[in-house]
Amino acid sequence: MLTVSQVTKSFGGRVLYKDASLQVNRGDRIGLVGPNGAGKTTLFSLIMGHDEPDEGRVTLQRSTTVGFLPQESAPAGDETVLALAMAVSPEMEETLRQLQANTDPEEHETHEAISRFAELDGHALEAKAKRILSGLAFRETDFHRPAHTLSGGWVMRAHLAKLLVMEPDLLLLDEPTNHLDLESLLWFQTYLKGYPGAILMISHDRAFLNALCTTIVEVARGSLSRFRGNYDTFVTERAAREEQYLAAYLNQEREIERLQDFVNRFRAKASKAAQAQEKLKQIDRIRKLEAPVQADATVKFKFPQPVRSGHRVLTFENAFFSYGENPIYRDLNLLVERDQRTVLVGPNGAGKSTLLKLLGGVMPLNSGERALGHNVTVGYYAQYRSEMFKSEHTVLEEALDGPRMIPEQTVRTLLGAFLFRGDDVFKRVTVLSGGEKSRLALVKLLLDPPNLLLMDEPTTHLDMPSIDALVQALKDYQGTLVFISHDVYFIRALASTVLHVHAGQLTPYAGNYDYYLDKSKAQSERHGLTAHGRADAPEEKEEVVDSAPRKGMREVREERRRESEARQKIARAKKEHNEKVTSLEKEVLRLEEQIKSLSALLETPEVHQQSNRMVELNRELAAAIDKLDATTTEWEIAVDSLAGKA
């Protein structure tokens, strides 16, 4: 489908690729990884034909269709969101434009556009586009909004919907999860698992790569190295390859040193001169391995820890907030306690970012009370934030401009962890991109952290080493953290509690993200919902059910009977499990006694005089030890399972 053959490409004297090759076949799921600036986006540009290689070829199989989602800045015009998602070909785009321009059904142009729309199977395309837009969290009321009225992130979602509707043979995705909330990301991930074409994606979301990719291609040292498996497999295999390469390199260096030593010792002796010359030729014939490039060490740094707060960090009592006439929260009561690590989850538009701003005091409540606890200081990190900077400052000056005196080297180390390297620290704040400003805001928070830290999508625009650095910093952070993220790896690494936000209601889960998934899935199944709280039936049907008359006595009795049977079934299962645990305990004790007896027998002088008997007892002892290990493991699993059922 796609062949990249011995491509060389340089920019400004820097070689990005040297004789790099890659083959993409139908059905491939390939993740493209590597440090920022390694050339991942450049490879996409070469594939799309937007750029040409200095040497080598990029070849697409004839009639292969390619769809590309850039990381930022997709265009949006006067077309509606639905029309943008359906504009999968120039003909369809022109037809939709004519339909939008000609609203009079009697006009000839309108008749022609309608006929052309039908020929292009537009109605099936429209249904598909609406289904995909809904999956990406667009509401029906958004379908007919002009695309240019949306924020940049929502425009990117509309373009992503267009690609999924188009279904190109090869899908090129550059950081596709950056503009998705967690719910939309999980939907998108599930959708891609059934995608019929090949996918080549750049992503810093390792959970996303693990879920989808069967191949990882690393961009490093000017080449494209292919690894079979997902991202976690790649990390393990790359470490093994680098270890093997280092061993081969060191062996080769030792061999060259040995040969050179011979030359140095004997080239001046007439009797050995010929041999010395041969050794020199032997050195020249060796195809020398390049010195291994040491992988970037995980960035480690320590930042000042905040002053300890009281146990009650922040409370809401009967809080009410609305945007104009649209109420978001009514009678909201919430307690945030010291040392909590809470992630806010829920569908897009549920009010997660609004809640974070209310917690931070960035927006005032309409009524009710927001009370900070003893000694609490609040830091709010928004995904897009620049008002905290002084425009005349450089990046380094801005990072140093804080209430604490922090060594410049410490500040530079932290700036480097978040991609401000070399002369980047002397850039003026005014010329920074939105992503760079977000990262600088993050650096300032970590250099002078408050004891209540509120973070909205902190991993956006960060590469994997920087995300790792942030995770480690926040693990060491001795304060209270409330955050929103679509990065499942980041959530799993940090969240100890989950707060589900939906329709102005907060549902706490006193466990980590996996605990929340298990509990919310069980609740969804009980209430006829799909995963993550979305109803199978539309909201209108839910309202009819809510207003239906009460159940008759027969239905009530039947329901009680089913509930009783379910309780009895659970009780029987628990009893059987208890019996299994008891039985395994007895077996463990029996085996321990058997091992004790066999060991005692083997120590007697009589047995040492009977070689056959000693061999037999040793065999029995080994079998008993193996069985004890297996039974003990089974008992531990059973006990853990029983604890989970309690």
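The values are calculated or read from the model by the stated rules, or taken from the named source; none is laboratory data. Here the structure is a predicted model, which means the values were calculated and not measured. Positions of Cβ are generated from backbone atoms using ideal geometry, with glycine treated the same way; all protein chains shown enter the neighbour counts. Quick note on the areas: whole protein, heavy atoms, side chains included, nothing else; ligands and nucleic acids left out. Shrake-Rupley method; radii C 1.70, N 1.55, O 1.52, S 1.80 Å.
Worth pointing out:
- Under 5 Å, built H, 5+ apart or other chain: amide partners of Ser322: Ile328, Asn366
- Cross-link partners for Lys627 among the lysines, with Cα-Cα distance under 16 Å and sequence neighbours closer than 8 places in the same chain left out: Lys586, Lys596.
- Scanning the chain for DSSP H helices at least 15 Å long along the axis (C-alpha atoms) with a Kyte-Doolittle mean no lower than 0.5 picks out 152-166, 434-447.
- Amide H within-cut-off set for Gly511, under 5 Å, with H built and near neighbours excluded: Val498
- When only alpha carbons of the range 1-113 are considered, Rg and Dmax amount to 19.8, 62 Å.
- Rg ratio for the range 44-178: its Cα radius of gyration over 2.2 N^0.38 Å, N being its residue count, equals 1.16.
- Cross-link table Lys18/Lys279; Lys193/Lys521; Lys162/Lys444; Lys519/Lys580, entries beyond 28 Å C-alpha to C-alpha: Lys18/Lys279; Lys162/Lys444
- Long-range amide H partners of Gly229 with built H, under 5 Å: Thr215, Ile216
- Stokes-Einstein diffusion coefficient of the range 369-454, Kirkwood radius over Cα pairs, 37 °C, 0.692 mPa s, in µm²/s: 242
- More than 18 Å apart - percent of Cα-Cα pairs taken over the range 6-49: 29
- When each of the peptides 168-175, 588-595 is scored by how many other beta carbons lie within 10 Å of its residues on average, the order from highest to lowest is 168-175, 588-595.
- Other residues whose C-beta falls under 14 angstrom from the C-beta of His144 contribute a net charge of -2, scoring Lys and Arg +1 and Asp and Glu -1.
- Viscosity 1.567 mPa s, 4 °C: Kirkwood-radius Stokes-Einstein D of the chain over Cα pairs, µm²/s: 43
- Partners of Lys437 within straight-line reach, counting lysines whose Cα lies under 20 Å from its Cα and excluding those fewer than 8 residues away in the same chain: Lys357, Lys390, Lys427.
- Of all DSSP-defined beta bridges confined to the chain, some 55% are antiparallel rather than parallel.
- Accessible area per residue for the chain, computed on protein heavy atoms with a 1.4 Å probe, is 54 Å².
- Just the protein heavy atoms count here, and of the accessible area of the chain at 1.4 Å, carbon and sulfur take up 50 percent.
- Only DSSP H runs of four or more residues enter the estimate; each adds -39500 (n - 2.57), and after division by the residues of the chain the mean residue ellipticity at 222 nm equals -15500 deg cm²/dmol.
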